[in-house]
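The values are calculated or read from the model by the stated rules, or taken from the named source; none is laboratory data. This one's a predicted model, so the numbers in the text were calculated from it and none came from an experiment. Positions of Cβ are generated from backbone atoms using ideal geometry, with glycine treated the same way; all protein chains shown enter the neighbour counts.
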Protein chains: 2
Amino acid sequence: MTPIRVGLLGLGVVGGGTWTILERNREEIARRAGREIHVTCAAVRPQDLEKAAAKTGGRITLYTDPMQVVQNPEVDIVAELMGGIHPALELVLEAIAQGKHVVTANKALLALQGNDIFKAARTRGVMIGFEAAVAGGIPIIKALREGLTANRIEWIAGIINGTSNFILTNMRDRGESFASALSQAQALGYAEADPTFDIEGIDAAHKLTIMAAIAFGIPMQFERAYTEGISRLTAQDIQYAQEFGYRIKLLGITRRTPRGIELRVHPTLIPEKRLIANVDGVMNAVLVKGDAVGTTLYYGAGAGAEPTGSAVIADLVDMTRMASAEPGHHVPHLSFQHDQMHDDQVMPVSEIESSYYLRMSAVDRPGVLAEVTRILADLGISIEAMLQREPPAGEQRVDVIMLTHSTLERHIDQAIAQIEALQSIAGPVTRIRMESLSA
Amino acid sequence: MTPIRVGLLGLGVVGGGTWTILERNREEIARRAGREIHVTCAAVRPQDLEKAAAKTGGRITLYTDPMQVVQNPEVDIVAELMGGIHPALELVLEAIAQGKHVVTANKALLALQGNDIFKAARTRGVMIGFEAAVAGGIPIIKALREGLTANRIEWIAGIINGTSNFILTNMRDRGESFASALSQAQALGYAEADPTFDIEGIDAAHKLTIMAAIAFGIPMQFERAYTEGISRLTAQDIQYAQEFGYRIKLLGITRRTPRGIELRVHPTLIPEKRLIANVDGVMNAVLVKGDAVGTTLYYGAGAGAEPTGSAVIADLVDMTRMASAEPGHHVPHLSFQHDQMHDDQVMPVSEIESSYYLRMSAVDRPGVLAEVTRILADLGISIEAMLQREPPAGEQRVDVIMLTHSTLERHIDQAIAQIEALQSIAGPVTRIRMESLSA
């Protein structure tokens with residue numbers, strides 16, 4: 001069989017990793033795919049031309065205009081590995097219009113524009129592969145889209161941003177501040193100069209949006225996701241959580257409830273005995289709860305050149321086998337047949353149910369706790385555990401930490417407002433959500 | 001589209017679970033598969049007819065002769081969920097001859113007869129799905145066969161027998177003896193009256209054989225697998241391992257080395273910090289190391305009606321989408337194209353490399369340790385750690401435990417023979433292999 005021809009948009013971290021693996025494992029990959037997978041051309045920025053030529057040894061055509069890759073007659077599959085929304089969107093849509101299959105590692109693009117992209121692909125009968133867009137090398141898209149199709153998926157909870165997991169791990173292990181742990185992540189290349197997308201949960205919300213769409217057969221609803229990052233977490237909260245037997249992780253959580261879909265990213269207390277509570281450093285892990293299979297977990301490297309390249313190539317191999325098959329045989333992009341999607345809405349975060357970690361600074365005198373617990377009781381919120389840290393000598397305030405049982409978020413919002421209004425409580429109440437999970 | 005028609009061979013644990021899920025999630029599964037999946041008939045033992053009729057509410061035809069399902073013109077896919085080699089083999093081969101696709105949960109059948117079954121299926125152009133044969137509901141076959149196709153797989157290590165993991169967990173948590181933990185597993189229905197397949201590692205070796213074939217593109221070589229069970233493990237060894245910071249798990253390990261393929265099931269010391277060391281009870285987990293992706297882990301329920309049914313149905317959905325596709329588009333049964341398999345041989349266990357836990361009973365007098373360490377040194381085996389347990393008052397013997405660095409198994413065999421010949425050592429030396437793994 002003639003080789004299948006791939007054009008790369010981008011030869012940076014992911015594009016470079018993809019190239020490296022295809023070179024090193026060329027024979028083994030072809031033994032699986034049934035045809036050789038040839039990169040015929042790539043587009044890079046003008047300032048990267050020299051580096052790209054050195055890397056590829058002059059064996060492929062390099063362009064600085066990515067449209068020349070997309071419209072190239074020597075390209076069967078376009079791999080969009082450049083990131084960002086523009087011009088990635090226009091390039092992907094043009095590739096589809098040209099009848100080419102597309103592989104993309106671009107989670108922002110899919111979370112924001114996926115509904116349109118998949119519609120265009122369906123109309124044109126081409127495949128969009130995006131294993132690399134979520135959790136790097138972990139084949140979680142395949143697990144959700146094909147491996148768990150028997151199940152009514154109940155919820156997904158994942159550590160899907162390695163940068164923030166690295167920061168949280170260092171804050172816990174070394175008692176470091178957020179700022180110090182972030183600096184170290186930047187020094188090691190795990191965090192970018194502008195780390196907003198990683199540390200504020202936006203990157204995780206992109207990935208979670210994609211997983212929710214597959215799990216529940218709903219359109220991408222990134223604009224409705226609740227996103228809270230780790231930048232306001234203190235080493236003190238991490239320490240208190242440990243005293244209760246919990247670890248704090250930045251989790252992406254999506255859950256199907258009778259009242260709508262939960263879609264939220266935030267720091268979360270998890271019992272330390274759970275496997276996922278022990279996923280540290282830059283590693284990722286995703287828990288999936290299905291009604292038939294129970295809880296399954298998928299763990300691995302969530303970023304990096306070769307792990308992400310591994311996911312890109314898995315899609316290329318799938319597409320190579322299916323390149324000439326009728327579109328009816330394709331796996332639907334979001335697991336559900338396109339005319340079988342539901343339009344379940346993502347709920348506002350005020351409507352979710354959760355249990356909570358609350359920390360407040362209280363005047364150290366009798367009756368303060370009674371005031372606080374009365375407020376919670378009146379709102380129907382019951383307390384699972386409480387911890388009061390004795391003040392240092394001469395200090396008038398104590399830290400009071402309470403863990404609540406499950407309740408509606410808007411009840412906690414009300415409780416916090418009332419507690420903050422107490423004269424005996426100083427400053428804001430810190431609130432961190434808790435999940436018991438099940439594995 | 002007309003429904004795809006499935007005939008079940010067996011309506012026991014797995015068949016019953018498959019039926020239950022297909023009933024409960026009929027609509028959601030059809031939304032994914034694009035067609036309804038209808039069970040049209042099933043074969044059960046004569047003594048189970050009444051129970052089967054009650055379960056299926058008289059809505060399907062029940063046979064006591066499974067060949068009537070296999071040869072039934074109203075069946076597109078045969079799901080072999082009865083187990084055992086005969087008549088399962090004949091039924092599967094007849095289904096293939098009839099041009100029907102086959103789903104099977106039968107790991108023994110595939111490990112022993114898979115080479116012939118896949119050959120027959122290829123010739124006839126039908127698909128064999130066997131996600132349910134390994135690790136129950138965990139989509140590990142899909143991960144290996146499709147998700148990690150970019151990789152040169154280096155090794156796989158898995159807890160793939162829930163019964164023995166349950167027994168080992170109870171031996172550790174409660175200090176129970178093997179016999180007592182086994183009785184409890186039997187009382188809870190986790191172990192069969194004849195538990196040999198589970199506790200002696202045979203079931204795990206069946207599953208490992210299948211994973212090795214997919215990972216390395218080699219024929220099934222069950223007959224060359226090394227199999228050692230957990231029946232001779234003592235609570236004392238589990239305790240000593242813990243003192244060194246290790247847990248003991250029954251692992252199936254397969255590794256590609258320049259000298260051949262390792263394929264072995266045995267109790268294994270694992271550092272307690274590893275995620276897989278914390279997979280307890282009946283749960284399963286599989287670690288896969290690929291050269292590009294690094295180490296990934298897959299965790300979930302390895303047995304049970306609905307988890308296994310979940311895997312059966314995932315195959316049914318895949319087949320439904322591909323039922324009318326040309327065979328060239330099928331995923332090859334063992335990931336590699338059939339004409340691209342290699343015939344790498346499984347090595348005898350004496351040729352593997354490992355590190356080792358050694359326990360011996362020594363006379364408590366000076367010079368004994370010098371004799372033992374001299375034997376090890378002469379064979380080039382270096383010692384990583386040593387522990388000597390002081391004897392109770394009046395006792396003349398002490399337990400000496402040594403952890404070695406990596407060495408050839410046959411060197412350890414020699415060392416053990418020489419140590420056992422020492423007058424100062426009483427009885428046999430206990431040897432347990434160790435793996436550091438990497439996640």
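In the set A:Ala213, A:Ala193, only one residue is modelled with pLDDT of 95 or more, out of contact with any helix residue (DSSP H, G or I) (no Cβ under 6 Å at 6 or more places or on another chain) and among the aliphatic types (A, V, I, L, M); that residue is A:Ala213. One residue stands out among those in segment A:2-14 that are touching a Gly at 6+ places or on another chain (Cβ under 8 Å) and either on the phi > 0 side of the Ramachandran plot or buried (at least 24 other Cβ atoms within 10 Å of the Cβ) (or both): the one that is nearest to the other protein chains (Cβ to nearest Cβ), which is A:Val14.
Only residues that are touching a helix residue (DSSP H, G or I) at 6+ places or on another chain (Cβ under 6 Å), touching a residue at least 60 places away in the same chain (Cβ under 8 Å) and surrounded by fewer than 19 Cβ atoms within 10 Å (Cβ to Cβ) were counted across segment A:225-255, and they come to 1.
Can you tell me which residues in segment B:173-189 are assigned to a loop (DSSP other than H, G, I, E, B) and of a type in the set (A, V, I, L, M)? Passing the criteria: only B:Leu188. Within segment B:1-20, the residues that satisfy the criterion of being under 24 Å from the mean Cα position of the chain (by Cα) and outside any strand (DSSP E or B) are B:Gly10, B:Leu11, B:Gly12, B:Val13, B:Val14, B:Gly15, B:Gly16, B:Gly17, B:Thr18. Of all positions in segment A:301-317, none carries a residue that is out of contact with any Phe, Trp or Tyr (no Cβ under 6 Å at 6 or more places or on another chain) and more than 27 Å from A:Ala285 (Cα to Cα).
Report whether or not B:Ile141 is buried (at least 24 other Cβ atoms within 10 Å of the Cβ), out of contact with any Lys or Arg (no Cβ under 6 Å at 6 or more places or on another chain) and not in a strand (DSSP E or B). Spelling it out, B:Ile141 is indeed buried (at least 24 other Cβ atoms within 10 Å of the Cβ), out of contact with any Lys or Arg (no Cβ under 6 Å at 6 or more places or on another chain) and not in a strand (DSSP E or B).
Against the list (1) surrounded by 13 or more Cβ atoms within 10 Å (Cβ to Cβ); (2) farther than 22 Å from A:Val265 by Cα; (3) at pLDDT 95 or above, the condition A:Leu369 fails is (3). Selection over segment A:344-373 of residues that are assigned by TED's automatic domain parsing to the domain that holds A:Asp399 and more than 18 Å from A:Glu409 (Cα to Cα) gives a count of 11.
Can you name every residue in segment A:41-79 that is touching a Cys at 6+ places or on another chain (Cβ under 8 Å) and farther than 16 Å from A:Lys100 by Cα? Don't jump to the end; show me each part of the working.
Applying the first criterion (touching a Cys at 6+ places or on another chain (Cβ under 8 Å)) to segment A:41-79 yields A:60-63, A:68-69, A:72, A:74-75.
Listed by number, the residues that qualify are A:Ile60, A:Thr61, A:Leu62, A:Tyr63.
Segment B:254-363 holds strands (runs of 3 or more DSSP E) entirely within its bounds, and those carrying 1 or more residues that are modelled with pLDDT of 95 or more and away from chain A (no Cβ under 14 Å) map to B:260-271, B:353-363.
Screening B:Ser350 against (1) under 25 Å from B:Ala111 (Cα atoms); (2) surrounded by 14 or more Cβ atoms within 10 Å (Cβ to Cβ) leaves a single unmet condition, (2). Filtered by the rule that a residue be away from every other protein chain (no Cβ under 14 Å), β-branched (Val, Ile, Thr) and not in a loop (DSSP other than H, G, I, E, B), segment B:26-53 gives a lone residue, B:Thr40.
The lone criterion from (1) surrounded by fewer than 19 Cβ atoms within 10 Å (Cβ to Cβ); (2) under 33 Å from the mean Cα position of the chain (by Cα) left unmet by A:Leu379 is number (2).
Exposed (fewer than 13 other Cβ atoms within 10 Å of the Cβ) and in contact (Cβ under 8 Å) with a residue 40 or more places away in the chain, is that true of B:Asp343? Step through it out loud before you land on a result.
Working: exposed (fewer than 13 other Cβ atoms within 10 Å of the Cβ): yes; in contact (Cβ under 8 Å) with a residue 40 or more places away in the chain: yes.
Criteria met by B:Asp343.
Just one of the numbered conditions (1) within 14 Å of another protein chain (Cβ to nearest Cβ); (2) part of a helix (DSSP H, G or I); (3) buried (at least 24 other Cβ atoms within 10 Å of the Cβ) is not true of B:Glu23; which one? Of everything listed in (1) within 14 Å of another protein chain (Cβ to nearest Cβ); (2) part of a helix (DSSP H, G or I); (3) buried (at least 24 other Cβ atoms within 10 Å of the Cβ), B:Glu23 misses just condition (3). Which residues, taken from segment B:387-437, are under 30 Å from B:Arg255 (Cβ atoms), surrounded by 13 or more Cβ atoms within 10 Å (Cβ to Cβ) and small (Gly, Ala, Ser)? Once the filter is applied, which keeps residues that are under 30 Å from B:Arg255 (Cβ atoms), surrounded by 13 or more Cβ atoms within 10 Å (Cβ to Cβ) and small (Gly, Ala, Ser), segment B:387-437 yields B:Ser406, B:Ala415.
Set side by side, the residues A:Glu94, A:Glu146, A:Glu131, A:Glu90 differ, and just one is over 24 Å from A:Gln68 (Cβ atoms), touching a helix residue (DSSP H, G or I) at 6+ places or on another chain (Cβ under 9 Å), modelled with pLDDT of 95 or more and not assigned by TED's automatic domain parsing to the domain that holds A:Leu251, which is A:Glu131. Criterion applied to B:Val134, B:Val102 was being surrounded by 24 or more Cβ atoms within 10 Å (Cβ to Cβ) and free of Cβ contacts under 8 Å to residues at least 60 places away in the same chain, and the one residue passing it is B:Val102. From the list B:Asp413, B:Asp378, B:Asp399, the one residue that fits, being within 29 Å of B:Ile210 (Cα to Cα) and not assigned by TED's automatic domain parsing to the domain that holds B:Gly158, is B:Asp413. The residue pairs whose first member lies in segment A:212-223 and is within 14 Å of chain B (Cβ to nearest Cβ) and in contact (Cβ under 8 Å) with a residue 24 or more places away in the chain, whose second member is among the β-branched types (Val, Ile, Thr) and buried (at least 23 other Cβ atoms within 10 Å of the Cβ), and whose beta carbons are closer than 6 Å, counting only pairs six or more residues apart or on different chains, are A:Ala215/A:Ile153; A:Ala215/A:Ile156.
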